[in-house]
1. Based on this model, can you work out whether A:ALA34 counts as surrounded by fewer than 20 Cβ atoms within 10 Å (Cβ to Cβ) and either within 19 Å of A:VAL14 (Cα to Cα) or within 7 Å of chain B (Cβ to nearest Cβ) (or both)?
2. Here's a check for you: in region B:210-237, which residue that is among the small types (Gly, Ala, Ser) and more than 17 Å from B:PHE139 (Cα to Cα) is surrounded by the most Cβ atoms within 10 Å (Cβ to Cβ)?
3. Looking only at region B:188-202, count how many residues are in contact (Cβ under 8 Å) with a residue 60 or more places away in the chain and more than 10 Å from every other protein chain (Cβ to nearest Cβ).
4. Would you mind finding the one in A:LEU66, A:LEU10, A:LEU26 that is in a helix (DSSP H, G or I), aliphatic (A, V, I, L, M), more than 18 Å from B:GLY186 (Cα to Cα) and at the interface with chain B (Cβ under 10 Å from one of its Cβ atoms)?
Amino acid sequence: MEIFKIVLLLLLIVCAVSAAFSRRLLASVIIFMAYSLIMSITWILLESPDLAITEAAVGAGVSGILFLMTLKKIKRTGNDNKDENQ
Amino acid sequence: MTIKMKISDRLKRWLEESPDLLEDAGLISEERDLPREVARREQHDSDRILSEGARSFDRKKFRTAYGILAAVAAVILIGVLLTTVAALPRYGVENERMDEVADYYIEHALEDTGAVNIVAGMILDYRAFDTLGESFVLFTALNCVLILLRRDEPEEEGDDDYYDLTHDNILRKVGLVVIPSVILFGFYVMLNGHLSPGGGFSGGAVVGAGLILLSVAFGDAVSARVITEKGFRIVSGAALGFYCLAKSYSFYTGANHLESVVPLGTPGSIFSAGLILPLDIAVGIVVSLTMYGIYRMFRKGSLL
């Protein structure tokens, strides 16, 4: 269990840093959602399941969707059929 | 006086859609050593006076200074935070002085609030004022999104097609199974807030995510059947109003040591814990509608 926790925390740091430094915005958003998922597992390990539910729903779900919507609005999802968008 | 002049100048330039206000601000801060008059005049038509070379040179200096100052500020902030963390009591270790409030909650929450879930007793009874503020923060955020993203004329057709997922068979079939369970689980969490982990905010967030999924997978026609714009306004306004009234009542009775007309009931049954259950429902409604509303504003520019 101790090792699992350490792995989770390391993953958390990796996700946080790579979400900030990733060049592609879409990848950043997906890494951010993964961060929230790991965070929610961490909340369960810290014995606060209510926070885990909220983190999973808001962090990994809704805010990720809002980021994706914004990327869509500014046409930066990184797809290669730009002609279809215009 | 000078500051006023500056602001009015900058406002005027902003109105004239002059680009690079930030950059100009950087330049202005570099020109502190110049006499005021000159600075003001130069600022007034800096675009004309400053040549491109001087501009880029100042910008480079500004960038360097900015980088150094940012690094220093970051190091100071990291130092302060790390010292604070080091001074905190160890995680999970008994601490007489720090645990006083927590111990009070653990010992008295059940008889004071009637909630088996002590966390619900704290956030919706002892500290319900906080939760009211949080609900209003969410509501205000929704209103800001409404103001910023509202569009009166509908978006031109065809712009959305590439991302329109309503014809996606996999999403629809999976949605048929997943959406009811998500929304049902959300309501379960919301209604059992005083008995098990969760509560209004968590449950509302889950329900909101389910509503968003519904709208993505099945399109406007189906989601309009669940909630309309008018219903949205009435329901969320009523939920917030109910929260205010119910909480004012419980503050009134609590402050005057009166017996509340809402019985605490048997701890552990679904109708117990006084006002916590209805408050949970109100918070859940506000949160779920806000999530869904923000999504709709991002997507379509209108609530419906």
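Where a number appears in this text, it was derived from the coordinates with a stated rule and is not lab data. Predicted model only: the values in this text are computed from it and were never measured. Note: ideal-geometry Cβ built from the backbone for every residue, glycine included; neighbour counts use all protein chains shown.
1. Criteria met by A:ALA34.
2. B:GLY210
3. 6
4. Values: A:LEU10 fails: at the interface with chain B (Cβ under 10 Å from one of its Cβ atoms); A:LEU26 fails: at the interface with chain B (Cβ under 10 Å from one of its Cβ atoms).
Result of the check over A:LEU66, A:LEU10, A:LEU26: A:LEU66.
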